[in-house]
Every structure is written in C-alpha cells, then in structure tokens.
1. 5 Å is the cut-off here: which amide hydrogens, built 1.01 Å from N in the peptide plane, fall below it relative to residue 137, excluding neighbours closer than 5 in sequence?
2. Taking only protein heavy atoms and a 1.4 Å probe, what accessible area per residue, in Å², does the range 4-148 have with all protein chains in place?
3. Express the carbon and sulfur contribution to the solvent-accessible surface of the chain as a percent, rounded to the nearest whole number, probe 1.4 angstrom.
4. Go through 49/69; 69/114; 58/136; 24/114; 36/111 and tell me which ones have a Cα-Cα distance over 19 Å in this structure.
5. Calculate the length of the line joining the C-alpha centroid of the range 1-71 to that of the range 139-167, in whole Å.
6. So, R0 is 45 Å and r is the distance between the beta-carbons of residue 150 and residue 84; what FRET efficiency does that work out to, to 0.05?
Amino acid sequence: LNSHSDFLYAHSLGVSFYGVLIAKAAGWSSPATLFKVAMAGMLHDIGKKEIDKTILLKPRNSMSTDEIKLLETHPTRGMEILSRLGTLSDDIIQIVYQHHERNFGTGYPAKVPKGKTHPVARLIAVADEFCSMVVKNPDSTGMDRKTAVMRLASLQGEALDYAFLEA
C-alpha cells in the first residue's frame, strides 16, 4: 500500500490503530479479537492497490460514475487478494469484504444489512469513516478528532453501528 499511495498507507495504519481503540472502548479485550481488528484495519483497503493511482488521487465528487463503480470494487478485490494468500482467517477476509456495508443494507459491495455483517466489519466501518476525515487525502484536508466524531455522528449515525460510533 505504501508504494501505491502514501495517504492510503497512512489511512490503513489509522484504521488499524483507531479500530483497536474503539474495540477496547467497546469492552473487547481478547488478544485474538484485537489482533483481528488490527489486521483487518491494516488490510481493509488492500483491494485499492489494483486501482489506478489517478483514480485514487481524485476527490470522490470529481469522479465519473464509472470511476466510482471501479473504486467500489475494492472490497471484492481485497477479498480475492487475501483469499489467494491462504494464510489469513476467513473472519479477516469477510471483514475486508464487508467494511463498506451499512446498517440498512445501503452499503457495498453486497448491500448486506447490519444483522448479517461481521461485528468487526461494523467496527472497522466506523474507524474507516473517522480516518477518512482526519487523515489528509483527496477528499479531506484533515480535521481535528472532535470535529470528525461530531460530523460522523451527524452524517453517518444511522448508517453505522451506533455502539461503535459511541465507543
């Protein structure tokens, strides 16, 4: 990821780090679970390494419909990449695949509702959105953490798992 895009690497590190912090704040303490959170956070966007840098460097609101569709294939691409390795648990692969699913089945790639998504995928979704706001990238100049949390709650409160948002 680092060789593909600096901000993508920084974002993935942030999702891993904040994912573990959220998990601990939610009361999760099992080393095995925290490892899954950290690993899934680090790998959640691995599918973006197969997407042309020129697309990744564009703000989403400047992308064409086709470019957005291509970008939204990254969870499926990530699942395929990690499945070929044969060394990661099925849980981590499922989390990577589902990290853009939302509570009411409005996410992607499969439009799976909250009750059918992996709990760690719902946690990673919160960390992912948070880091998208605080880590500088084509869509954000980077905002302070408190502003990001308030904005996340107002914009994504119903779409994301509230327990993890609160944590």
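1. 142
2. 49
3. On the way: 4790 of 8600 Å².
Of all accessible area on the chain, carbon and sulfur atoms account for 56 percent.
4. Too far apart for the 19 Å limit: 69/114; 24/114; 36/111.
5. If you average the Cα positions of each part, the centres end up 16 Å apart.
6. Numbers: r = 40 Å, r/R0 = 0.90.
Given R0 = 45 Å and the Cβ-Cβ separation, E is 0.65.
The values are calculated or read from the model by the stated rules, or taken from the named source; none is laboratory data. Keep in mind that what you see is a predicted model, and the values were worked out from it rather than measured. When we count neighbours, we look across all protein chains shown, and the Cβ atoms used for this are built from the backbone with ideal geometry, even at glycine. Note: accessible area is taken over every heavy atom of the protein model, side chains too, but ligands, DNA and RNA are not part of it. Shrake-Rupley method; radii C 1.70, N 1.55, O 1.52, S 1.80 Å.
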